[in-house]
Each structure stands twice: as C-alpha cells, then as structure tokens.
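Notes follow once the structure below has been shown.
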C-alpha cells in the first residue's frame, strides 16, 4: 500500500457514487427503533421505482438527533455539481421513519410528496455543531473502509510514516493542545512524550472504550459510526511512541461497536494499513480487541490493564504510571476513543488549526451525550468554551412540555450537579471544576423542577457502591455508609448529626480511596449539598432542627452556594 493506492481507492469510490444518496442511520439508537427494517424497505422501494442506477441506499452511523430516530437523509446532486457535494449531508433529514413510510421518501426523489416530517435544518441543534470527531458520522458507511478512505481516511497515517519523525508527531500533539477526553483532561502530547522517551523493547497502545457512565454514549457512537478514525489515530500514536501492539478495551454491552471494530480491523489488515511494513515503511502495528465484562472500575487505567492481562480488574497505586510501567510492565499509552479520533484531523489540518478552536486552556471540541429531561436527546459536538446554556436550552431545546431546567449533571458518577443559575458557565475543564463538577467523558444529564436532588445523589452513590471493586476499605465501606445515610434522609429519619456524618464521610472517601472511582464518588453528594442544601434540610426529621426551624418558610428558598463540603 502506497499513497497512490489510497488515491485510487478514493477515486473509484467517488466515481461509483450515484446522483442520489439515501442515508439511513444504522447506529444502536435507531436500530433499536427498527432502522434495519427501514433500510430494507428503502432498498425495496428503490428497486420497485426502477431507480437502482440513480439511487444508493447507504447504512451510516449516528445522525446525532437520537430522540427522533429512525433517521433518514436524502442528498441529491445539484445539476452541474461535482460528486463531492454528496459528502456533506445537507439534504432533508426525515424523522421517525417507519418501514411503512419509507416508500414515500423514495417518491420525493421523483418529485412526489411525503407525510414524514423533516427536522428543521436551521435549528441550533444542527447549526451550532462543530464536527471534528463526528465529521464522518452519518456520512460514511462504517462497514466499508473504502468509504472512509474517500473521506481522506488513512492519509494522515501515510503522512506521519513517510514525512514525519516520531518526535515531530509528538510535538504536533503538544502544540495542538489536545487534552485527554476521557475525563481527567491530561495533556495528550505530554503523555505521548513520556511514553516515547521511556526506553523499552516493547511498548503498547491501549484505547479505553470502557464507557460506563450512566447516560453516556459518545464513545459507543464513534465506534459504531467511524471505527477507522480510531484505528488510524491509534496507529499514529503507536508510530509516535514506538509501540508495535495495540488493544481496544470495549464493553461487552456494545455488540454493534464490537462487530464494526472487528470488521474495520479485518479490512485494514487486508489493505496493509495494519500489520507489517505499513505504507512500505519499517513500522509494524497490530490491534486486537479485548471485551470487558461490564465492571465500571475497569475504566480506570490500571484496572483496565489488569483485565487485559487476564487478571481481576482492580486498580493499583501509582506511581509507577502506565507511561513508564503499564501493560505487562512495559511502557503503555492509554487514551480514550474520542482522544484518538481527534488525531487524524490534527495531522491533516495542522496543530495550529486545532489550537485555534476552543479556549486558552481547553482546545478543540468536545462531544456530549444529551440525556434526561431535555427535548432533543442525542449527540452534539461543540467548541470548548461553549456556554452550558447554549448547549442545554438552545441546542437541547430546554426541558420538554414547558418545564424548567433545575440542574445539569456532568461527568457521570464522578461529576457533579450544576444549578440552573450557573448555566452561563463556559464548558471547559477548569470552569466545571470550579463549580464542583468535571467534564468527564461527556455525559450530560438534564434535570427539571420535578427532580429531587437527594434522589439524584442516592442514585449515583448506589451506582458507585455497586461498582466498587472492594480492594480498598474507604471506597468499599464508605460508599455503603454514604448510601445508607442518603436513604435515611430520604426516609425522613435523619438528623443534623447524620447530615454532618455524610459530609465527613465524603471527605474521608475522597481523600483516602485508592483510585478515581472512590476519590470522585462523593462528588454528586457534595455538589448537591453545595447548591441544593435546603432540600437535604427539608427532609430531616421534624424535630431535627428544633421547634419551627424546619417549617414551611425555611423550605421555600435555597441558600447561596457554599464551598463543597462546607457548613
């Protein structure tokens, strides 16, 4: 495989395109609503209408507006336009398509009409998106490598192997300002540099696809929609740090993502884009899958590596860090799905281009999964620094049925609840941390005025309690006791002393747990105490605060925010 081969594949793919492309979402969300049946009905309708020479029905990945699936988009080539017009996905996007209504969509190609509603292309949900990671999502066929190559796929890998030294690749990542999208936000280039300078005969690259936060489905969608972008990003990283073997650790609960990864790896091997002598260079790199059994703690990198090695997935103290001694005691680079998916675009378009997006300390874009009490459930990708209000109220459409947004929970079980009063906060690593939350991997759960925040805290504490690996006592026992106290509060059996114990436990578990699961488990409790303390006080025993102290008047206002864990 050389660059001319890539160009030839891309040209053949473009030449084979038909004047009209009907894209049918075949990601997990739409498939759960029978998009497979919709695609089959579209294929039959095209054949019945005698349009096989003119119309292609293409299964694609996520089209982002998940709440309106199954989604179908029809792109017709404008008279005299070049075939590249078909790659941008600007045609009408039809919502909630059924197998019965599919035929009427094909009639619109011939000038007919349909009763199927189409999304408003000028809605902020679409116009405010800035796609880098999701650029190919809903456009390319995730099960055909030729479709990815036609969208400039694997060109970045060729360039780094034939035109850049490993150090130049690392320097480009440092200059881009890309930070890890898995939650901690550690500078990606610096992590790569540490692995690169560590001397070892064997090094590894691992993609952490163990996405386990409730309400999060960003990584799943990328793997289902554009798996080759992740493979290409991993191969570029391996060249930069000197690794020859890669692993993708993906949850067993993601069968469609696993299937498409398996297909993508097989196709890349067949074309010589994985394996030995890639692009006729000395670079050798292979990727294997490892399927996780569903333990949330295996999202923590040391527990993940133990699981890859066939051991029980429990964390170990650091240092040594994986970059120096990781998988099989060898230097190991671990990034998540979204981080790797950014890499090919950074190489193709340049570090300066990427660094020009976002904020001073948080560069590029971030993919979020909007869920909960919000009108538009789905995936969005926006520049770092986009105000939370724009995401939730404008793009997300606000709370459904005229409701009022009360809070937004970010960062999953490791994050916190941000009150509506703080919705003008820009979404970046530092701003969310100041509010007592974190960006996490990108889950964003919206709550309306009907949500009880103590219920929310108990839900996430129960999740952490169940998912604790049990290796360290603070997490194993502390989460159980915090859950017991939250249940006691909700049962109106708690006193002020119980509330004080809860805060003391939060501080202890956060300060003494071995890994990130226990260290961040108190965050939902601390953030709800910080912004919604009155809701806790209102649930204490009637005699807990003394005569009249917990009366009706004291329950109607919420005090000003206090430092997390403060009194």
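Where a number appears in this text, it was derived from the coordinates with a stated rule and is not lab data. The model shown is predicted, which means the values in this text are computed figures rather than measured ones. Neighbour counts are summed over all protein chains in view; Cβ atoms, including those assigned to glycine, are modelled from backbone coordinates with ideal geometry.
Run the helix sum for the chain: -39,500 (n - 2.57) per DSSP H stretch of 4+ residues, divided by residue count, reported at 222 nm to the nearest 500 deg cm²/dmol.
That calculation yields -11500 deg cm²/dmol at 222 nm.
Residue 175 to residue 244: FRET efficiency via 1/(1 + (r/R0)^6), r the Cβ-Cβ distance, R0 25 Å, to the nearest 0.05?
Efficiency, rounded to the nearest 0.05: 0.45.
Expected output is a single nm value to one decimal: the length gained when fully extending between residue 122 and residue 512, i.e. 0.36 nm times separation in residues minus the C-alpha distance. What is it?
Extra length from residue 122 to residue 512 when fully extended: 135.4 nm.
Compute the helix-to-body angle for 3-15: its Cα long axis versus the longest principal axis of the chain, expressed 0 to 90° and rounded to tens.
90
For the pair residue 16/residue 504, report the inter-label distance in nm, with labels modelled 7 Å from Cα in the Cβ direction.
Those two pseudo-labels are separated by 7.0 nm.
Of the listed peptides 347-359, 199-211, what is their order by residue-averaged count of other C-beta atoms within 10 Å, with the highest listed first?
Order by mean packing, descending: 199-211, 347-359.
If you wrap region 215-316's Cα atoms in a convex hull and average its projection over all directions, what's the area in nm²?
Result: a mean projected hull area of 6.9 nm².
Please work out the Cα center distance from region 295-360 to region 482-520, rounded to the nearest Å.
A separation of 31 Å, based on Cα centres.
How would you classify region 97-159 from its alpha-carbon gyration tensor, with a ≥ b ≥ c the square roots of the eigenvalues: rounded for a/c under 1.5, else prolate if a/b is greater than b/c, otherwise oblate?
Oblate, since a/c reaches 1.5 and b/c is not below a/b.
Return the percentage of antiparallel bridges among DSSP beta bridges fully within the chain, rounded to the nearest 5 %.
Of all bridge pairs located within the chain, approximately 50 percent are antiparallel.
Which whole-percent values make up P(r) of region 453-555 when all C-alpha to C-alpha distances are grouped in 5 Å steps starting at zero?
Spelled out bin by bin, region 453-555 gives 2, 14, 25, 24, 16, 10, 5, 3, 1, 0 percent.
Starting from the Cα of residue 52, step 7 Å along the direction of its Cβ; do the same at residue 534; then give the gap between the two resulting points in nm.
So the two model labels end up 6.9 nm from each other.
Can you tell me the relative contact order of region 453-555? Whole percent, Cα pairs under 8 Å, sequence separation 6 or more.
Once normalised by length, the contact order is 34 percent.
Along the Cα→Cβ direction, 7 angstrom out, place labels at residue 361 and residue 421. What is the inter-label distance in nm?
2.4
Kindly identify region 152-355 as rounded, prolate or oblate by the Cα gyration tensor criterion: order the square roots of the eigenvalues as a ≥ b ≥ c, call it rounded if a/c is under 1.5, otherwise compare a/b with b/c, prolate if a/b is larger, else oblate.
rounded
Can you classify the chain as rounded, prolate or oblate using the Cα gyration tensor, where a ≥ b ≥ c are the square roots of its eigenvalues, rounded means a/c under 1.5, and otherwise it's prolate if a/b beats b/c and oblate if not?
Oblate shape, in that a/c is at least 1.5 and b/c is the bigger or equal ratio.
Quick one: helix 255-270 against the long Cα principal axis of the chain, what's the angle to the nearest 10°, folded into 0 to 90?
40
To test your reading of the geometry: what angle, between 0 and 90 degrees and rounded to tens, separates the Cα axis of helix 188-197 from the longest principal axis of the chain?
Here the helix axis deviates by roughly 80 degrees.
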